[in-house]
Amino acid sequence: MPRRARVKKRIPIADPVHGSVLVSKFINCLMTRGKKTVAEGIFYRALEQAEQKLKKPAFEVFEQALKNATPMIEVKPRRVGGATYQVPIEVSQERGQALALRWLIKYARVRNGKSMREQLAAEIIDAYNGTGASVKKKDDTHKMADANRAFAHYRY
C-alpha cells in the first residue's frame with residue numbers, strides 16, 4: 001500500500017453471458033491456478049443446474065443467493081487499555097459482497113458431492129432458500145455482533 005496516493009479500485013470486465021461484473025468477481029474467486037475457463041464452466045453449469053431445479057432464471061437465483069449470504073454487520077477486534085474487544089462495525093456493500101462470494105465458494109468446496117459443479121449448485125440453491133452454510137455463517141456473524149453490542153462505543 002502506498003503511503004500517499006490512494007490505490008485505484010480495479011473493476012473486472014463484465015462476463016459475456018450475463019453482462020455482470022458480479023459474476024466476473026465470482027468466477028475470479030472460484031478460479032484456481034489461473035484456470036479461468038474451467039472456473040467459468042463450473043459456474044455456468046452450476047447455474048444451469050440451479051435453474052432447472054428451481055424453475056427460475058439463473059441470474060436471478062444467483063443474485064438472491066448472494067443477497068441472502070451478504071452480512072450487514074461484523075465484529076472487529078480493537079485493543080483498548082490492554083484488553084481486546086470485539087467491536088461491531090457496519091460492513092460496506094463491497095466488503096459484504098466479497099465476504100458473501102468467499103463464503104459461497106468456501107462452503108461449496110467443503111460440501112460432499114460428486115463434482116464442484118454439483119456442490120456449487122447445491123450451495124447456491126440452499127443460499128437462495130436461506131438455509132445453506134454460507135447463510136448460517138452470516139447469521140452467526142450477526143449474532144456475534146449483536147452479543148457484543150455493548151462495545152459499540154469503541155468504534156472509530
Having 3 or more residues that are over 30 Å from ASN148 (Cβ atoms) and small (Gly, Ala, Ser) is the bar; report the helices (runs of 4 or more DSSP H) wholly within segment 19-124 that clear it. 36-54
Taking MET72 and the conditions (1) among the aliphatic types (A, V, I, L, M); (2) in contact with a strand residue (DSSP E or B) (Cβ under 9 Å, 6 or more places away or on another chain); (3) at pLDDT below 95, which numbered condition does it fall short on, given that it satisfies the others? (3)
Residue in segment 130-156 that is surrounded by the fewest Cβ atoms within 10 Å (Cβ to Cβ), counting only those that are under 17 Å from PHE62 (Cα atoms) and in contact (Cβ under 8 Å) with a residue 40 or more places away in the chain: GLY130
Options SER20, SER24: the member that is of a type in the set (Ser, Thr, Tyr), more than 16 Å from TYR128 (Cα to Cα) and modelled with pLDDT of 95 or more: SER24
Among the aromatic types (Phe, Trp, Tyr) and within 26 Å of THR131 (Cβ to Cβ) - does that describe any residue in segment 46-65? yes
Could you please let me know if ASN68 is crowded, with 17+ Cβ neighbours inside 10 Å and not small (Gly, Ala, Ser)? yes
Hey, any hits in segment 90-108 for a residue that's surrounded by fewer than 16 Cβ atoms within 10 Å (Cβ to Cβ), more than 17 Å from ILE125 (Cα to Cα), touching a strand residue (DSSP E or B) at 6+ places or on another chain (Cβ under 6 Å) and touching a residue at least 12 places away in the same chain (Cβ under 8 Å)? yes
Can you work out which of the residues in segment 66-78 that are touching a residue at least 12 places away in the same chain (Cβ under 8 Å) and more than 15 Å from GLY132 (Cβ to Cβ) is farthest from the chain's Cα centre (by Cα)? ARG78
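The values are calculated or read from the model by the stated rules, or taken from the named source; none is laboratory data. Just so it is clear, the model here is predicted, and its values are computed rather than measured. We place every Cβ from the backbone using ideal geometry, glycine too, and count neighbours over all the protein chains shown.
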